[in-house]
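Structure first, commentary second.
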Amino acid sequence: MSVTKNVLFLCLVLSCFCLISLTARICSGDTLKTTGGEVIDGVVTSETENDLLVETVDGTRSIVRADIASISRGTDNENLIRLADIEKKKGATAKAYYLYKSAFMLEPDLEGASRGISSVENEAHNAKTGDFSYQAEYENFSGNRTGKKSDDHSILDDNTVNSEALIDKFGLILDLVDNRVVVAEVSGYRDTRSARSGLRNSDFIIKVNGKLSLYMGLYGVVNELLAEGSTQLTLTVQREIAVWMPGGKQIVLGELEDIAGFSLLENDKGVFVGRVREASEVSSQGLQSGDKIIKMNGAPAGTRSADELASTLLKYGSGKFTIIVEKEIRL
């Protein structure tokens, strides 16, 4: 009798293990809790001032910000894999492959990415449906090397219509670097929308009208820009700003504007640029009041205060250091 019980117990353990393994294939991503107590698991793919779009296994949900009690955000890689798992479940294998590949390029040792690629690779390469456009994209960027532009530049080189339309409409050429959409060239030889907007070469496009470019890819970003009726577009970009600092004195928040050309202020959403001195070096690079500080000399701003960030400049001494800022541009 004891042997029978042991066998039954072992079967129960194995069944639970298999169930856990199957459910674990959907990677953790963003988790939202509403004021009504609902828990929503998925990936936030679009954010505006008033609402968020969340991709879940049951479809796309639109959530009003006022109804959100809290958000626990996954990492970029977790969200890429989570979104890929969702697309795979929906049968969109080519898009799933693109997202798995994106995660793999960000972190090659990530088990979920390589496992996901293997699970959909053959079917994705044979895709002949409307989803095929994603296959065309990742076939182009799969050769993209870390820190360098792809040898074939981008999918736009193989799509003359879109390439010419992007130049004609905006005076803009985009590319992929480290799997992120970047401004390769803003045409300055004529009065273009991109030149007038303040967009600059090497700006990384983070969002287009609130939609996160990481999950759209180059093809998706280009199509969003060229969509009919897109007369006014809002781009969220990240830009590297070089700051030259003198050495030999302690820097405090109140003196930062005189020394570095800009001041800092903070609120519950982070640390932002306050005033920018006219005709300063940072002003010539497009630094503006309201730009959000993302990184300082490669270190994330995180939850540090404006005073703490200003104080950290001291340890770099004299010379050049860099800050990464996030800004909105009306295109």
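The values are calculated or read from the model by the stated rules, or taken from the named source; none is laboratory data. Here the structure is a predicted model, which is why all the values come from computation and not from measurement. Heads up, the Cβs are rebuilt from the backbone with ideal geometry, glycines too, and the neighbour counts pull from every protein chain shown.
Checked against the criterion of being touching a Lys or Arg at 6+ places or on another chain (Cβ under 9 Å), buried (at least 17 other Cβ atoms within 10 Å of the Cβ) and among the hydroxyl-bearing types (S, T, Y), the range 195-208 has at least one qualifying residue.
Residues of the range 64-85 that are closer than 25 Å to P108 by Cα and touching a Lys or Arg at 6+ places or on another chain (Cβ under 7 Å): G74, D85.
Look at T48 and say whether it is of a type in the set (S, T, N, Q), in the same structural domain as R115 (by TED's automatic domain parsing) and over 30 Å from E121 (Cα atoms).
yes
When every residue of the range 262-274 is checked against the conditions, none turns out to be among the polar types (S, T, N, Q), in contact with a strand residue (DSSP E or B) (Cβ under 9 Å, 6 or more places away or on another chain), modelled with pLDDT of 90 or more and surrounded by fewer than 18 Cβ atoms within 10 Å (Cβ to Cβ). The lone criterion from (1) of a type outside the set (D, E); (2) buried (at least 18 other Cβ atoms within 10 Å of the Cβ); (3) at pLDDT below 85 left unmet by L331 is number (3). The criterion of at least 2 residues that are among the polar types (S, T, N, Q) and within 30 Å of A84 (Cα to Cα) is met, among helices (runs of 4 or more DSSP H) falling completely within the range 194-310, by 213-226. Would you be able to say whether some residue in the range 25-34 is outside the structural domain of K211 (by TED's automatic domain parsing) and either within 21 Å of V221 (Cα to Cα) or in contact with a Cys (Cβ under 6 Å, 6 or more places away or on another chain) (or both)? Checked against the condition, which is being outside the structural domain of K211 (by TED's automatic domain parsing) and either within 21 Å of V221 (Cα to Cα) or in contact with a Cys (Cβ under 6 Å, 6 or more places away or on another chain) (or both), the range 25-34 yields no hits at all.
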